[in-house]
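Input: a single structure, listed below in structure tokens.
Every number in this text was worked out from the coordinates using simple rules, so none of it is lab data. Keep in mind that what you see is a predicted model, and the values were worked out from it rather than measured. Because the Cβ atoms are built from the backbone with ideal geometry, glycine has one as well, and the counts that use them run over all protein chains shown.
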Amino acid sequence: MDRCDGLADEEIMTQVSRDRELFACLIDRYEAKLRRYLKRLMPGLGDDADDVLQEVFIKAYVNAQGFDPTLSFSSWIYRIAHNEAVSWLRKKMTRPNTVELGDDDFQTFATSMEDNSDRKEVALVRDEVIRTLSNMPEKYRTVLVLKFLEGKSYEEIRDILTVPSGTVATLIHRAKKHFTSIYNVHHDE
Amino acid sequence: MCIMTSNESPQHLSERVLSAIDEGGITPKPRWQFLLHEWVVWLFAVVAFALGSVATALTLYITNTSTFMERQIALSPLDTVFEIVPFIWLALLVIGIFYAAHALHSTRRGYRWHTSWLVVLAIGVSFAAGYGLDAAGLSASIDRYLLVHAPLYQPLTGFKPIHWMDPRSGVIAGTVEEVGDDMFVLRSLEGVVLEIHITPDTTIHGFIHLREGLPVRVVGTSTSRDGLDASDVGPFHGRGAGKGPSREAGPR
């Protein structure tokens, strides 16, 4: 993958249609990130993850010449992954049982949420966070995952979900409120 | 990260994707398809803006030209509204605004704008361009053209020339044929010659100077079969000036 060293994602993307092998660099760069994102978003994904990921990268390849190099490649590929995830969820008609959240992920999420919410008096408990996230509507879970687990900015989330920045702020606010209300119910049980 | 394929050999995802691309003969869509899509979306937006602008111009024009006389004829304020407002153009204005906002939202970065802002933008552009078109006189030409060439346009826009040619109702439009002291002779859109009397109570709208050949509209009280005491006299930029009998009687 030496050929890709020093090349930004966007530069590689502009050359993919002429040099297909360069596309492998982008796949290697984003495979782990997208796999993690998809599993956070679609906990029931399991063995289908590879198929979904393959579909994501093939769609990216097919639409390579439609990529706007003034936009971030990361947001663009996340957008394709998100659309594919939503499509997969609809096709499978499944609702996830539990999201996948490792210890590190949980710590990141808990710290971000506690820094960004009013409920600081009770520390978040991992299993209850997992249960709460799993029971949230997909649109709220998506923004929480993007903001507090993937660490995306408002602008990046805007470009991934193709909604105005104001809508991103509203969604995050509502998602946090929704999370807190569900979490409190679980916590009090 | 490696994955296991059906024959149990580990394979990188990148290799698997490139193999699938090879085996499926998959190629990137040509750039022109994306450009064409973007151009079509923008063309759609421009057409929608044009529709909104023309609809605004025609709404302004028809309302302005009708207000003066329809108010005299209508029985109630509600009747006046129904007589004056060109609902077909208002409907087209709404459709133009809706489609312009929709098209803008479909552009490459249109999602970054909230729909309400796009609607406000579409309204602003349609209104500004519509005022410009009306001020430039284009709305009168379009209206006249449609009255002559589109049979359905006349009933759809509530065009009732009879209203403007009914001295007994106190309204008449036509061309000044002769100007005298405190009176002038008017040839109506139907070609009927009438004597219009100007009294101290007569209001002259639009700072017009009465002269031969000037198209005017008059509101007043009928004094005889071929006479009228004018209460209001204004310039007639009116609808239908170039249509039917008015082609012979009118100056345009």
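Just counting partner chain Cβ atoms within 10 Å, what average do the residues of peptide A:52-62 show around their Cβ?
Per residue, the number of nearby Cβ atoms from other chains is 4 on average.
Would you kindly state how much longer the chain becomes between A:D19 and A:K92 on full extension, computed as 0.36 nm times their sequence separation minus their alpha carbon distance, in nm to one decimal?
Between A:D19 and A:K92, full extension yields 22.8 nm more.
Once you charge only the Cβ atoms, +1 for Lys and Arg and -1 for Asp and Glu, what is the size of the charge dipole of chain A about its Cα centre, to the nearest 20 debye?
So the dipole magnitude of chain A works out to roughly 780 debye.
Considering only C-alpha atoms, what is the centroid distance from region B:23-52 to region A:43-59, in Å?
Distance between centres, Cα-based: 28 Å.
Given a Förster distance of 51 angstrom, what is the FRET efficiency for B:I95 paired with A:T108, based on the Cβ-Cβ distance and rounded to 0.05?
Result of the calculation: an efficiency of 0.55.
To the nearest 20 Debye, how big is the dipole of region A:1-111 about its Cα centre, given +1 on the beta carbon of each Lys and Arg and -1 on that of each Asp and Glu?
Roughly 580 debye, rounded to the nearest 20.
Which whole number gives the average count of other chain Cβ atoms within 10 Å of the Cβ atoms across peptide A:25-33?
For this peptide, the per-residue mean of nearby foreign Cβ atoms is 3.
Let's test the formula: R0 of 22 Å, r as the Cβ-Cβ distance of B:D181 and B:R225. What FRET efficiency results, to the nearest 0.05?
E between B:D181 and B:R225, to the nearest 0.05, is 0.50.
How far apart, in nanometres, would the label points at A:T180 and A:D5 be if each is projected 7 angstrom from Cα along the Cα-to-Cβ direction?
Result: 5.0 nm between the two label points.
Set the Förster radius R0 to 25 Å, insert the Cβ-Cβ distance between A:A32 and A:T162 as r into 1/(1 + (r/R0)^6), and round the FRET efficiency to 0.05.
Here the calculated transfer efficiency is 0.55.
In peptide A:66-73, what is the residue-averaged number of other protein chain Cβ atoms found within 10 Å of each Cβ?
2
Express in nm, to one decimal, how much length is gained between A:E138 and A:S153 on full extension, taking 0.36 nm for each residue of separation and deducting their alpha carbon distance.
Contour length minus Cα-Cα distance gives 3.5 nm.
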